[in-house]
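The values are calculated or read from the model by the stated rules, or taken from the named source; none is laboratory data. This is a predicted model, so every value here is computed, not measured. Reconstructed Cβ throughout: ideal geometry from the backbone, glycine too, with neighbour counts over all protein chains shown. Only protein heavy atoms, including side chains, enter the accessible area calculation; ligands, DNA and RNA are left aside. Shrake-Rupley method; radii C 1.70, N 1.55, O 1.52, S 1.80 Å.
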Amino acid sequence: MKRRRNRPTPRRHRKLRVVRSVILAAMLAGGTGIVLPAVAQTMSDRIAARSTKAKESKDKLLVDAQQLIYNREGNTVAAVGDVQLYYQGRILEADRVTYDRTKNRVYAEGNAKLTDETGGVTYARRFELTDDFKDGFVDSMLTITADNTRFTAPRAERTDGETTVFEKGLYTACEPCKDQPEKAPLWQVRAKRIIHKNSEQMVYYEDAQFELFGLPIAYLPYFSTPDNTVSRKTGWLSPTVISSNRLGVGFGMPFFWAIAPNKDLTLAPTILSRQGFLGDIEWRHRVDAPWVTGSYNVRAAGIFQANPGAFLSPPYGPGTRSWRGSIESTGKFYLSDKWKFGWTAIAMTDRWFTRDYRLHSDAIGANYFKEAISTIYLNGQGDRGFFDLRAYHFRGLTAYDWQRQQPLVGPVLDYNKTIDIPTDRFVLGGQLEIDVNTMRLDRSVAVYQATGLRRLDAPYGLYDVCEFGALRTPNYAPPACMMRGVAGDYARASAQVSWKRRFIDPIGQSWTPFAFVRADASWMSLQTTDQFSISNGVSTSILRNADQLNFLNSTPAFAGRITPGVGLEWRYPFIARVGSGTHIIEPIAQVIARPNSANSYSRPNEDAQSLIFDDSNLFDWSKFSGYDRVEGGVRANVGVQYSGTFDNGFGVNILGGQSFQLAGRNSYAQGDIANVGVNSGLETRRSDYVGRIALTPAKGYSFVAKGRFDERDLSARRIDIGASIDMTERLSGAVYYSRAAAQPEIGFPYRREGLLASARYAITDKYWVGATALLDFDRHLADKDFGTKTSAIYPASLGFGLGYKDECTTFSVNYTNSLRDVVNGSRQRSQQVLFKLELRTLGEFRVKTGQNEYNTGDTLGQFSQTE
């Protein structure tokens, strides 16, 4: 007779109802078992034995289900109802999970879902797995990886715990359409077999085709890609395609070699239909040592040109040079949390190489004025100070650059330290600041430029000379000519110690007395014997270094100066709350007393040539932009500032002022070898008026207008206006307008006027369009003098782009048109179209095509040197 207390019913299947309980189960092989609650203590001794062994094992299974069904005859255990199984970081979910103890197999059916230890999720109609969930078969499978990519297949098999084979599989990184999930994604790869090997971190596609909107557009018999766990891996990278009238059509297939976790090598050969084989190799190395961390790279590129005659002859191009190439390197190393050391260096066979062959370089700036800058530096940054030591080598890339006129600069030292003085130890208190700058440069050929209309050499029309009249008579002397840079060695050291302290009196006035002493020492050894001839066999222009003596009226090898100064700054802010706004009106006055500055024609001016007097330097102690010039005499700077902020977000700031030379020599009236200071708005006793209006009407809107106005008739000498909008995620744009009056004394005989506008509009959250325009409003003035008719509104460059971006695809088309970009050397139309397609996880594909006609200068046609 059966004992009913051991068997609640005589039925074949006994059910134990476990409502939302979490239990330890022995459903896996290797002796694991199930620990049941008290109601299940009457199960067989075999279950109890397995349960005991499971407690001793670290690989335990957690089960959450509504029912647990044990079939003794079939030797199976089934979990039914919202089943969740947790084992070794994996989670198996289904309506029903059955464990066959004889076959050591797990079957999951109904809304089956398996989450692996990496976060990847697999959905299926039915799972048939080994007891550790590592191997098995899956029917009607959908796998979503941790980075949201998708594999689907009617059937898949996983073997050896690391290889998954998807039969008739599909792969995509695109999310399904929310409204029509059955609709084909933007792109997908359909393959006879997709094989994912975890140990190799690779996915292989056999007999595959690439589909766009469900339509096949490309057939690939075999290819492979890294899986979602890979950040860097040895293999082929996305191909590149270029097209150029001088290079022909080119195809490149880069190869990436991950030598070690901190080292890699990239080989990027390109075959060009007109020029042959272009080699490109880059080495990268990351260093992580106890005393230094950082990285560096070395890149080299070169080609033996098959058709060098496709390029322009010197001095407008590289000519018939067969071998062309470049080598460059960058590095940055952190010695501590405050100190870093690094470099950027590049060497090229000619200035056109990287541009002609569309090679990106970290050493070539992306600004409007192109130049290759090599530098090495040591930098330290503290809480109240910094140290910077570096050296520079410049390679000019513009139409008018002559390499012999480019300086070699170094070492350049900048040091600054701010020290707070406690009043309990020193009566004066306040703040002490130390500022040090040293510089040395060497140049082979002096740099001259004519005042008024620019004069270029007769043979090529590229290089600045001071030759006048029909006979091109040389006149390398002021005022007809100025000197931008000296030939020879020049070194300078400057140090300044300053003190200031702010006091607030009982009625709210701010008084800031200050004092400083500055010491400058310079050493100069001019090169005055060399003479350089620019000739094309028909005409000749000559540059002589001896002519620089016409600009420097005193040339001692060593010179020094000490400039002490004292001053006082006063501010009295009036604050009022009116209605919904807060208003601050603040009159400002500043007086600085110093001795007269030294003779500005006795020493070079290399670093203080960019003097622009505006609101930003109205209250600077010295308005020169560098250390080679220093302000002297007694000067007063006065102005008034208004600031208003309102509860609705509107803000306004207005500043206006003027500067006065009260006593002593006006440093800005006497000029120097580059005429700096002349026509600056500061050369008279009463300076021009300067002002600024800044508005923020609402969040995302800004408007700034700055100007300098003649002190006699208030005519505009310089106007700068900028407005930007970023009001929504869809619309952004900016407009900048600038106008500067003619300054013939410093080489600008015509007014300079132009407008730069850019805009980007997101049509939807995925589609966008954008446009840029650079308009030149003054070119017609210069062209008229040279007999060329040009529109008053001249489009210097135009650009247009459109694109698409979603979670899996980025596509863009950009068109640029530079009609005559004189600054970077192009004398004719330059057009370029760039297509870019990026498929997430598969790679990026670019096609760049364009037509460029460059007329740039580098070497002299016939070069001679006499002692």
Discussion item. So GLY579 passes all but one of these: (1) modelled with pLDDT under 90; (2) open to solvent by 60 Å² or more (accessible area, probe 1.4 Å); (3) touching a Ser or Thr at 6+ places or on another chain (Cβ under 7 Å). Which condition number does it fail?
Written reply: (3)
Response to the item:
All conditions in (1) of a type outside the set (D, E, K, R); (2) over 42 Å from the mean Cα position of the chain (by Cα); (3) over 30 Å from TRP621 (Cβ atoms); (4) surrounded by 14 or more Cβ atoms within 10 Å (Cβ to Cβ) are true of THR555 except (3)
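With a cut-off of at least 3 residues that are farther than 20 Å from ASN297 by Cβ, open to solvent by 50 Å² or more (accessible area, probe 1.4 Å) and free of Cβ contacts under 8 Å to residues at least 40 places away in the same chain, name the strands (runs of 3 or more DSSP E) lying wholly within segment 183-287.
187-197, 202-212, 215-226
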Item to complete: Note down all Cβ pairs under 9 Å where the first residue falls in segment 797-810 and is within 19 Å of ALA173 (Cα to Cα), the second is among the hydroxyl-bearing types (Ser, Thr, Tyr) and outside any strand (DSSP E or B), and they're at least six residues apart or on different chains.
Response: CYS808/THR149; CYS808/THR841
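Quick one: in segment 637-695, of everything that is assigned to a strand (DSSP E or B) and in contact with a helix residue (DSSP H, G or I) (Cβ under 7 Å, 6 or more places away or on another chain), which residue is nearest to ARG708 (Cα to Cα)? Explain how you work it out, then say what you get.
In the first step, residues of segment 637-695 are kept if they are assigned to a strand (DSSP E or B); the result is 637-646, 651-663, 686, 689-695.
When the remaining residues are screened for being in contact with a helix residue (DSSP H, G or I) (Cβ under 7 Å, 6 or more places away or on another chain), the result is 655, 690-692.
On the way: LEU655: 12, VAL690: 4, GLY691: 7, ARG692: 9 Å.
Result: VAL690.
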Fill in: Leading residue by the ranking (most open to solvent (accessible area, probe 1.4 Å)) among those in segment 657-674 that are in contact with a Lys or Arg (Cβ under 8 Å, 6 or more places away or on another chain) and farther than 30 Å from CYS481 by Cβ
LEU662
Response to the item:
Selection from segment 393-415 of residues crowded, with 16+ Cβ neighbours inside 10 Å and assigned to a strand (DSSP E or B) yields HIS393, PHE394, ARG395, GLY396, VAL409, GLY410, VAL412, LEU413, ASP414, TYR415
Practice prompt. Please tell me if SER580 is more than 21 Å from THR684 (Cβ to Cβ) and small (Gly, Ala, Ser).
Written response: yes
Discussion item. Quick check on my filter: what residues within segment 642-652 are modelled with pLDDT of 95 or more and open to solvent by 40 Å² or more (accessible area, probe 1.4 Å)?
Written reply: TYR642
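Given the options THR330, THR354, THR344, name the one that is crowded, with 16+ Cβ neighbours inside 10 Å, modelled with pLDDT under 95, touching a Ser or Thr at 6+ places or on another chain (Cβ under 9 Å) and not in a loop (DSSP other than H, G, I, E, B).
None of the others qualify; the one that does is THR354.
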Worksheet entry | Filter result (open to solvent by 30 Å² or more (accessible area, probe 1.4 Å), more than 58 Å from the chain's Cα centre (by Cα) and under 26 Å from VAL121 (Cα atoms)) within segment 70-104 | LYS103
Response to the item:
For segment 646-657, pairs from a residue that is over 12 Å from ALA694 (Cβ atoms) to a residue that is of a type in the set (Phe, Trp, Tyr) and at pLDDT 95 or above, with Cβ under 7 Å and 6 or more apart or across chains, are GLY656/TYR689
Discussion item. For segment 596-611, check the following and say yes or no: at least one residue is open to solvent by less than 40 Å² (accessible area, probe 1.4 Å) and not in a loop (DSSP other than H, G, I, E, B).
Written reply: no
Response to the item:
Scanning segment 290-326 residue by residue, those assigned to a loop (DSSP other than H, G, I, E, B) and either touching a helix residue (DSSP H, G or I) at 6+ places or on another chain (Cβ under 8 Å) or open to solvent by 60 Å² or more (accessible area, probe 1.4 Å) (or both) turn out to be PRO290, TRP291, ALA306, PHE311, SER313, PRO314, TYR316, PRO318, GLY319, THR320, ARG321, SER322
Worksheet item: Restricting attention to segment 434-450, does a residue exist that is surrounded by fewer than 20 Cβ atoms within 10 Å (Cβ to Cβ) and closer than 18 Å to VAL538 by Cβ?
Response: no
Worksheet entry | Tally of residues being touching a Ser or Thr at 6+ places or on another chain (Cβ under 7 Å) and either under 20 Å from SER224 (Cα atoms) or open to solvent by 20 Å² or more (accessible area, probe 1.4 Å) (or both) across segment 129-156 | 9
